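Working notes for the structure below.
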Amino acid sequence: MVRWLVLVVVAFVLYKLIANEMRKRSEDTNRAKGAKEPTGDMVKDPVCGSYVDVASSVSVRDGEKVHRFCSYECRDAFLEQLRMAGRTLPGKPHAESADHAPKD
C-alpha cells in the first residue's frame, strides 16, 4: 500500500513539473512572436533594401534626415560608402582627421 502511495505522489510531482515546463515554453513562444511583430511604421534600409520597423531599427542622423538600418553591418556599410565618397555626417569627426590632429 505504501509503495502505491509513493508511486502516485512521484507521478503527480512529475506531471506538475512537466505541465509547468510546457506552460513556460508556451509563454516564451507567445512572447517571442509578439516581439517579432512590427509595432509601427516600416522604412526601407538604404543599403540592403529590407524593410525595418522604425522602433527597432539602427539609426544614423544626417542633419535633419534620419537613416534607418536593419543591422549594424548595414549601418557600417552606409558610413563606409559616405567615407569613400569623401563625406562625413555632421557632428561626427572624420576618422582620418583624428589621426592628423595637432598635438599639444
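The values are calculated or read from the model by the stated rules, or taken from the named source; none is laboratory data. Nothing here was measured: the structure is a model prediction, and the numbers come from that model. For neighbour counting, all protein chains shown are included, and Cβ atoms are generated from backbone atoms with ideal geometry for every residue, glycine included. For accessibility, only protein heavy atoms count, side chains too; no ligands or nucleic acids. Shrake-Rupley method; radii C 1.70, N 1.55, O 1.52, S 1.80 Å.
Some notes on this structure:
- Tally, over the stretch 52-76, of residues that are in a helix (DSSP H, G or I) and either of a type in the set (G, A, S) or in contact with a strand residue (DSSP E or B) (Cβ under 7 Å, 6 or more places away or on another chain) (or both): 5
- Residues that are in a helix (DSSP H, G or I) and open to solvent by less than 80 Å² (accessible area, probe 1.4 Å) were ranked within the stretch 29-51; the one that is modelled with the lowest pLDDT is G34.
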